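Single-structure report; data block below.
The values are calculated or read from the model by the stated rules, or taken from the named source; none is laboratory data. As the structure is a computational prediction, the values presented were derived from the model and not from experiment. No Cβ is skipped: glycine too gets one built from the backbone with ideal geometry, and neighbour counts run over all protein chains shown. To get the accessible areas, we keep the full protein, side chains included, count just its heavy atoms, and leave off ligands, DNA and RNA. Shrake-Rupley method; radii C 1.70, N 1.55, O 1.52, S 1.80 Å.
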Amino acid sequence: MSRYLSDLTTTAAPLMENGPAVPALLVASVAALAATAGVRTWRSRRHGHAPPPDDTGARPPSAARPAGSPETGTTSAPDGGSGAPATDSALWRMRTTVRDAPGSLARLCAALAGRRIDILSLQTHPLADGTVDEFLLRAPGELTGSELSDLVSAAGGTGTWTERADAHDLVDAPARILGLATRTALDTAELPLALRQLLGRCTIRSLPAPLGGRPSEEVPPEGVLEDTVLRLRAPEGGTISVERPYLPFTPAEFARARALVELDARLGPRVPRGRDVLTLSEGSDITVRRAHPRDLTAAKAMHERCSATTVGMRYHGPVGDADRYLTHLLSPRFGRTLAVQTASGRIVALGHLLWDGDETEVALLVEDAWQRRGIGGELLRRLVAMAAETGCESVYAVTQASNTGMVAAMRGLGLPLDYQIEEGTLVVTARLDAAARAAARLPHGERIGRE
């Protein structure tokens with residue numbers, strides 16, 4: 001543990017500028033995390049522009065690999081500890097339950113060695129009726145997932161689950177958790193993304209607090225673990241529900257998720273404070289920064305200055321409850337928002353990056369007097385770069401075919417685009433593979449929020 005805390009000091013150094021309380025809180029909460037580690041068709045857009053009642057849908061696609069897919073993902077690797085020749089091999093993640101009895105794990109390891117399978121890492125999760133063991137394996141390339149499962153079953157493993165892995169899985173588990181905690185400490189919007197990277201492919205739902213703002217009595221302060229579902233008290237008083245039907249959560253995973261949410265709650269609302277000052281073609285200076293929930297009044301005022309046509313283009317109709325829309329859009333729980341303000345501090349544009357199930361939506365609203373100055377295109381490029389940094393494979397925009405400005409901005413990305421029209425609504429999807437990202441000359445590595 002002393003080694004983990006030493007690593008923590010280095011990892012949390014960027015937080016020092018936020019004051020002495022942040023590193024102390026990070027150490028207190030992350031220590032609990034480190035201690036437990038020893039290891040898309042556009043689907044329904046019904047909620048694309050209205051606050052979704054219960055689903056953040058946060059998922060970085062980099063965390064999604066087809067379970068049990070033996071035909072993809074092979075990688076060449078040098079010889080491991082088993083003495084196997086340096087031939088084509090593949091990385092596998094495997095979880096299985098063995099009897100809590102002397103020799104059970106040894107028999108399983110011997111069976112793996114017999115098939116020239118290297119054990120790269122092993123984590124154990126003791127349960128009441130056995131022990132869940134998580135392995136990262138390097139196996140001969142010709143070995144299939146079914147063969148691996150059969151081998152483990154013959155050696156006494158039960159409830160075996162296998163999935164192709166990649167090089168990212170080689171990162172030391174405590175170091176990976178510390179990195180997720182640091183990201184969460186710097187930005188409230190990172191919590192859903194961090195939970196998904198921590199727990200793998202899962203559905204994350206954010207349920208609002210009951211009327212009156214009091215915490216839900218259905219979830220105790222310590223949270224609830226129910227097999228493939230875990231529920232935790234959200235920092236704002238609601239409930240965070242995480243579901244992973246294909247694989248039950250272990251107590252260790254539950255403890256890590258709970259510590260991450262506790263860290264977020266103790267630090268309170270926070271948004272990176274960095275900003276960029278840009279000069280428009282006619283000479284006006286604008287500032288681009290991350291929006292904060294406290295921008296609600298200024299954002300509502302901007303909506304009131306926009307024409308009915310502009311608002312209709314953005315929301316596909318009139319906005320009868322701007323406060324409700326904007327409260328949702330400005331909340332970092334559902335994505336990230338960029339604000340453009342003038343030298344006088346007036347907000348004149350908003351750009352939203354919204355987590356939407358397995359996909360990510362981008363949306364723009366630019367005040368009429370500030371349109372056709374390149375602001376929308378600048379916001380869109382930055383939002384797409386942020387999506388790429390979180391591992392998203394695509395982003396989509398829902399608009400109308402008559403919205404030539406939004407269509408032109410999407411085309412200006414230089415990315416491969418797909419167009420779909422349904423009931424008069426146009427959906428433009430941009431694919432964010434590495435080659436396309438380079439061709440678009442996106443501001444890769446540039447983060448709004450960097451000081």
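Would you tally the residues in the stretch 274-296 being of a type in the set (Lys, Arg), closer than 17 Å to Leu379 by Cα and open to solvent by 40 Å² or more (accessible area, probe 1.4 Å)? Spell out how you get there, then give the answer.
Keep residues of the stretch 274-296 that are of a type in the set (Lys, Arg), which gives 275, 289-290, 294.
Still in the list and also closer than 17 Å to Leu379 by Cα: 275, 289-290.
Retained after the next criterion (residues that are open to solvent by 40 Å² or more (accessible area, probe 1.4 Å)): 275.
Selection size over the stretch 274-296: 1.
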For Ala165, all conditions in the list (1) touching a Gly at 6+ places or on another chain (Cβ under 9 Å); (2) among the small types (Gly, Ala, Ser); (3) within 23 Å of Thr250 (Cβ to Cβ); (4) modelled with pLDDT of 90 or more hold save one; what is the number of the exception? (4)
Of those in the stretch 93-117 that are open to solvent by less than 10 Å² (accessible area, probe 1.4 Å) and closer than 21 Å to His168 by Cβ, the residue farthest from the chain's Cα centre (by Cα) is Ile117
Working only within the stretch 118-148, note down all residues that are of a type outside the set (S, T, N, Q), open to solvent by 10 Å² or more (accessible area, probe 1.4 Å), farther than 20 Å from Leu170 by Cα and part of a strand (DSSP E or B). Pro126, Leu127
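Restricting to the stretch 414-436, what's the tally of residues that are open to solvent by less than 60 Å² (accessible area, probe 1.4 Å) and under 15 Å from Glu361 (Cα atoms)?
Adding up the residues that qualify gives 8.
Which of the residues spanning the stretch 156-174 are outside any helix (DSSP H, G or I), among the small types (Gly, Ala, Ser) and either under 20 Å from the mean Cα position of the chain (by Cα) or surrounded by fewer than 19 Cβ atoms within 10 Å (Cβ to Cβ) (or both)?
The initial filter retains those residues of the stretch 156-174 that are outside any helix (DSSP H, G or I), namely 156-166, 171-172.
Now narrow it down to the ones that are among the small types (Gly, Ala, Ser): 156-157, 159, 165.
If the condition is that a residue be outside any helix (DSSP H, G or I), among the small types (Gly, Ala, Ser) and either under 20 Å from the mean Cα position of the chain (by Cα) or surrounded by fewer than 19 Cβ atoms within 10 Å (Cβ to Cβ) (or both), then Gly156, Gly159, Ala165 are the ones that fit.
Here is a list: Glu378, Glu367, Glu359, Glu389. Which entry is at pLDDT below 85 and crowded, with 18+ Cβ neighbours inside 10 Å?
On the way: Glu378 fails: at pLDDT below 85; Glu367 fails: at pLDDT below 85; Glu389 fails: crowded, with 18+ Cβ neighbours inside 10 Å.
Going through Glu378, Glu367, Glu359, Glu389 in turn, the sole match is Glu359.
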Taking the stretch 401-410 and keeping only residues that are modelled with pLDDT under 85 and either part of a helix (DSSP H, G or I) or in contact with a strand residue (DSSP E or B) (Cβ under 6 Å, 6 or more places away or on another chain) (or both), one is left with Ala401
Failed condition for Thr327, given (1) assigned to a helix (DSSP H, G or I); (2) modelled with pLDDT of 90 or more: (2)
Among the residues of the stretch 416-447 satisfying the criterion of being farther than 16 Å from Gly391 by Cα, part of a loop (DSSP other than H, G, I, E, B) and out of contact with any Leu (no Cβ under 6 Å at 6 or more places or on another chain), which is modelled with the lowest pLDDT? Arg441
Is it fair to say Gly156 is in contact with a Lys or Arg (Cβ under 9 Å, 6 or more places away or on another chain) and modelled with pLDDT under 90? no
